[in-house]
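Quick note: the coordinates plus some simple rules give every number you see, no bench work behind them. No experiment lies behind these values; they were computed from the predicted model shown. Every residue, glycine as well, gets a Cβ built from its backbone with ideal geometry; the counts of neighbours run over all protein chains shown.
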């Protein structure tokens, strides 16, 4: 003879029903605050130490970069090494104007002597082999006479050499290492020109 097996069910009357724990509103609020703070801290770290987006304003880097293009500025490599010749950099030309930045190409490195004679650029008396200039140089500016760079200074030019305010102009001059924000790394706009920028 089979015995009936009766399934026991919690009964609210005998106090066996599980009670739902009330939500801890304060704890959920605190978790949300910590999450938002973590995201903000990560964004701050990425923006200031890793990468940020910049927009090309003007025509001084034609035909390499065009007005209105958007780039990703990479900052990490300059925290572990120094800028190199022909790097396209973004820097602040004026210490008291934090929102103003220029995009140019490094031509002269710290300790070198730069001079422009005719259409040619000389580094320590030797002609520089490069073909980044869109047109032959017409105005040597400050580099008509030999310019000797300090131990933390760089000489920069725009690729559109006859329409560029760069190290030849006394308003810019030599660029200090601590004024360099980073290296232009990837073009992200327009979509048909997306890609890593060549620095060599």
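Things to note:
- With a Förster radius of 35 Å applied to the C-beta separation of residue 152 and residue 55, the computed FRET efficiency comes to 0.80.
- Residue order for 100, 113, fewest other beta carbons within 10 angstrom first, comes to 100, 113.
- Counting every other Cβ atom within 10 Å of each residue's Cβ, 105, 27, 92 order from fewest to most as 27, 92, 105.
- Calculated FRET efficiency for the pair residue 177/residue 76, C-beta based, R₀ 25 Å, to 0.05: 0.95
- Burial ranking of peptide ranges 189-195, 82-88 (average Cβ count within 10 Å, highest at the top): 82-88, 189-195
- Here the gap between residue 113 and residue 198, fully extended at 0.36 nm per residue and compared with their Cα-Cα distance, gives a gain of 28.1 nm.
- Residue exposure sequence - 186, 175, 56 - by fewest surrounding Cβ within 10 Å: 186, 56, 175
- With both labels modelled 7 Å from their Cα along Cα-to-Cβ, the residue 145 to residue 99 distance reads 3.7 nm.
- Three-way shape label, the range 93-200, alpha-carbon gyration tensor, a/c 1.5: oblate
- Subtracting the Cα-Cα distance of residue 188 and residue 84 from 0.36 nm times their residue separation leaves 35.2 nm of extension gain.
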